[in-house]
């Protein structure tokens with residue numbers, strides 16, 4: 001029988017290693033799906049809808065092959081908290097299952113977080129921000145340092161440091177990463193730039209590769225290392241607020257004499273009509 005906890009080659013500590021550390025004991029073959037709750041330390045927040053549908057269909061056809069790893073919930077009686085396998089749990093609910101196979105382990109909060117990070121990193125299921133937040137939680141809440149995190153996940157310290165740096169980006173840029181509008185490679189070159197959101201928008205607008213984005217940034221830098229096009233953060237925030245309200249791209253250009261222009265970029269007549277309605281409703 002295939003080992004459900006087999007690890008990917010090259011990763012530091014896999015699920016089988018962590019389960020070996022914990023007191024693993026099979027419980028009832030199956031438990032009620034309603035007695036299971038999600039892992040409060042789960043770093044993954046977004047699940048791909050298409051992949052979830054595929055997993056749901058697979059479970060409808062063949063059931064759950066790999067058990068869900070759980071621990072006893074500390075704050076709820078007769079409940080289990082997922083340590084690894086949240087996608088399977090959600091897909092099982094979508095498939096209409098009432099019971100699911102589980103393996104119960106003794107695990108504290110640190111072990112629960114370690115399980116969740118390892119499972120997701122092994123399968124490349126986390127977006128860059130989720131992965132970075134998982135590393136940050138290990139550091140802030142469980143006294144890990146970057147060296148210990150790198151050994152734990154089996155990746156270089158530079159890998160960990162690069163992901164953690166993403167958390168220093170403006171929240172607007174972080175949202176673009178979470179929405180998969182720019183890649184981790186794009187985000188990496190934006191770290192430390194005052195006009196990161198402005199440049200991220202340029203990357204999306206012009207569909208630039210990472211190499212092209214690097215070239216653009218180099219061309220915009222002056223001799224003192226700062227970008228020639230430094231966008232006022234208040235204008236960036238204003239653009240973001242207008243876009244959120246209208247759903248339409250907006251560009252604000254402000255000149256030294258405080259004159260300038262506001263440009264709306266709509267994709268179709270529906271967007272134009274929506275913009276007109278918003279303007280009429282507010283003015």
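Here is how the numbers come out for the structure above:
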quantity	calculated
Residue 182 being assigned by TED's automatic domain parsing to the domain that holds residue 209 and surrounded by 14 or more Cβ atoms within 10 Å (Cβ to Cβ)	yes
Top-ranked residue of region 52-73 - restricted to ones that are in contact with a strand residue (DSSP E or B) (Cβ under 8 Å, 6 or more places away or on another chain) and in a loop (DSSP other than H, G, I, E, B), ranked as surrounded by the fewest Cβ atoms within 10 Å (Cβ to Cβ)	73
Residue 110 assigned to a loop (DSSP other than H, G, I, E, B) and closer than 23 Å to residue 161 by Cα	no
Some residue of region 114-125 being under 14 Å from the mean Cα position of the chain (by Cα), buried (at least 17 other Cβ atoms within 10 Å of the Cβ) and outside any helix (DSSP H, G or I)	yes
Top-ranked residue of region 89-107 - restricted to ones that are assigned to a loop (DSSP other than H, G, I, E, B) and at pLDDT 85 or above, ranked as farthest from the chain's Cα centre (by Cα)	98
Positions within region 126-145 being surrounded by fewer than 18 Cβ atoms within 10 Å (Cβ to Cβ) and either farther than 23 Å from residue 171 by Cβ or in contact with a strand residue (DSSP E or B) (Cβ under 6 Å, 6 or more places away or on another chain) (or both), in sequence order	142, 143, 145
Test: residue in region 44-51 that is touching a helix residue (DSSP H, G or I) at 6+ places or on another chain (Cβ under 6 Å) and in a strand (DSSP E or B)	no
Residues that are part of a helix (DSSP H, G or I) and either modelled with pLDDT under 90 or touching a helix residue (DSSP H, G or I) at 6+ places or on another chain (Cβ under 9 Å) (or both), drawn from region 153-170	153, 157, 158, 159, 160, 161, 162, 163, 164, 165, 166, 167
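The values are calculated or read from the model by the stated rules, or taken from the named source; none is laboratory data. Keep in mind that this is a model prediction, so the values were computed, not measured. Using ideal geometry, Cβ is built from the backbone for each residue, glycine included, and neighbour counts are taken over all protein chains shown.
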